[in-house]
Amino acid sequence: MNNKAKKQIGIIVNTLRGDPACILKNIKKILKKYNIEPIIIDYDISTYMNIKKAIRKLKDVSMLISIGGDGTLLSALKIAIKYDISVLPIYNGTLGFISEIPPNEAYMILNEYLEGKKTLYEIEPRTLLSVSLYSTNKKVIKEYLAVNELVLSKCSGRAIYINIMISGKLISSIVADGVVIATPTGSTAYALSAGGPILSPSIDAISFVPIAPHSLTFRPLVIPKHDTIELELTEKSLKAMVIIDGYDICQFKNYDKIKAKISDKNCYIFQSANRLFYDILRNKLNWGR
C-alpha cells in the first residue's frame, strides 16, 4: 500500500441516502484542523465513465472516504485500486456488510489516522479477482479486477450450458442460469443470495457458485489461491452476459473463454478494531435471533 504523504483526501458521497450533508460537514471540520483540503465527488459514480472521471480528479489523494452503503464503497474501491490507497467506509446506507463503520466512530478513526496513531482501526487487505476474457483465437480481449464478483449470466429466458475447468482440467459441464465467482468480500453479496458460502476476509480463496443449476448435485465450491477457473459456453448456448461487480461488461459467445484467479494485488479497507468479522455477520444477519 502506498503510504506517501499527500495533502489531499478524497470523499465519495452518495447523496441519495440518509443525511450525508451532516457527515460531510463533520469530516470537513476534522480535515480543516490538519490543513487538509478534501476533494469531493458527489455525483453518481455507478458507471465506468463517471468512475474514470473521478479517477482523474482524485489522482493526488492519500486516502478515500466513502459515505454511503456497500455500493458506494464498491465504487470508491475501484478508484482506490488505481492508486493503491485505502478507503475509510462511513456507513450511511441500508445493509452495510463492508461499509459498517458508523459516523461517530469514523470521526475518531479519521482523527487517529491523521495523527499517525492506530488503536481504533486496522487497514485490512482484501482479495481481488483477476479476470481475463479471451476471444476464439485465444487473444486476450479485456482484463479486469473485481472487488466482489464475476458473473456469467444468461441473456434471455433460456439456461446456458457452461464448461468449467480448474487449473486446465475439465471438472464439470452444467446447465444453469449462470455462475458467480466471488471474492471473500463478495461472498456476502450476490454469491450469498445464490446459496454460496460466506468467506472470512482473511481467507485467500474464492467461491464458485452456480445460479439455479438444473442438477441439484452441483454444489458451491471454495477454490484456493493459485488455482485458475476457466469458463466457456458449449455449442448448445448462443451467448451469455459477463458482469463484473454489477457492471454489464460484454456479451459472451461460443468459444470465447473467461479465466479468473486471485490477483496479486489487493484493495485496502479501514476496519474497526472493536468488531470482528463474525460480530458484523451476527448483527447484519440476525444470527440466533
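Coordinate-derived values only; no laboratory data. No experiment lies behind these values; they were computed from the predicted model shown. In this analysis, Cβ positions are derived from the backbone assuming ideal geometry, glycine residues included, and neighbour counts consider all displayed protein chains.
Past the 22 angstrom mark, what percentage of all C-alpha to C-alpha distances in the stretch 128-266 do you count?
Numbers: 2769 of 9591 pairs.
Everything past 22 Å amounts to 29 percent.
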Restricting to DSSP loop positions (anything but H, G, I, E, B) with no more than 10 other Cβ atoms inside 10 Å of their own Cβ, which GluC sites (Glu not before Pro) remain in the stretch 207-239? Glu235
If you wrap a convex hull around the C-alpha atoms of the chain and split its volume per residue, what is the figure in Å³? 140 Å³
For the stretch 98-137 and the stretch 213-262, what is the centre-to-centre distance using only Cα atoms, to the nearest Å? 28 Å
Rounded to the nearest whole number, the Stokes-Einstein translational diffusion coefficient of the stretch 49-98 at 4 °C and 1.567 mPa s (Kirkwood radius, C-alpha pairs) in µm²/s is 118 µm²/s
Only helices counted: for the chain, with every DSSP H run of 4 or more residues adding -39500 (n - 2.57) and the sum spread over all residues, [θ] at 222 nm is -6500 deg cm²/dmol
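Which pairs break 29 Å Cα to Cα here: Lys33/Lys265; Lys33/Lys59; Lys59/Lys253; Lys29/Lys53; Lys28/Lys118; Lys53/Lys169?
On the way: Lys33/Lys265 34 Å; Lys33/Lys59 23 Å; Lys59/Lys253 36 Å; Lys29/Lys53 26 Å; Lys28/Lys118 21 Å; Lys53/Lys169 41 Å.
From Lys33/Lys265; Lys33/Lys59; Lys59/Lys253; Lys29/Lys53; Lys28/Lys118; Lys53/Lys169, over 29 Å: Lys33/Lys265; Lys59/Lys253; Lys53/Lys169.
Let me check against my output: what whole-number percent is the relative contact order of the stretch 128-266, with C-alpha pairs under 8 Å and at least 6 apart? Let's see the in-between values first.
Numbers: 358 pairs, mean separation 42.1, N = 139.
Answer for the stretch 128-266 is 30 percent.
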Could I have the simple spin-label model distance between Glu115 and Lys32, label points 7 Å from Cα toward Cβ, reported in nm to one decimal? 2.0 nm
